[in-house]
């Protein structure tokens, strides 16, 4: 028996959907959901009745404490541009813009395009990793510029991705044209 967290009624486990969760050990743990099947179906019907705009409004309110109009105003305040890159954002099609926020404090930093939002997410919102990524790109650009200045044969460029530039030049045997 289990108590449904929605209707607060005690029901047999057969009245709950089962979720599967993979543990760190690799084993799969099965456990009943927190709400019963009847409450789950009722909640799904309610979700399905809402328009996409109503669902977006609820999502913004629940997650960030802002409305769709607040998000539109933030985009306008950013001159309809992503806060990181120059990509244009539409104040009408809000599905292509994302509320960027601090995951520790909830502070809203701005509105980003999908690429920038994913980028900082993949870099774990960590400024040290972002600085390291910038340094990596700058060094790679410097290597390419040096190759262009030396006018090296094109097929030798594959040697430069893993070795420091001076060592790669010595070891590859590549000669300027």
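Coordinate-derived values only; no laboratory data. Everything numeric here is computed off the predicted structure, so don't read it as measured data.
Of note:
- Prolate/oblate/rounded label for segment 7-54 (Cα gyration tensor, a/c 1.5): oblate
- Within segment 51-122, the proportion of Cα pairs with more than 14 Å between them is 57 percent.
- Tensor-based shape of segment 23-93 (alpha-carbon gyration tensor, a/c under 1.5 rounded, otherwise prolate or oblate): oblate
- Segment residue 125-residue 5, length gained on full extension (0.36 nm per residue, minus Cα span): 39.8 nm
- Alpha carbon centroid spacing (whole Å) that separates segment 109-128 from segment 1-64: 29 Å
- Taking segment 7-142 and dividing mean pair separation by its residue count, relative contact order in percent (alpha carbons under 8 Å, at least six apart): 11 percent
- For segment 1-139: rounded, prolate or oblate by the Cα gyration tensor [a/c cutoff 1.5]: oblate
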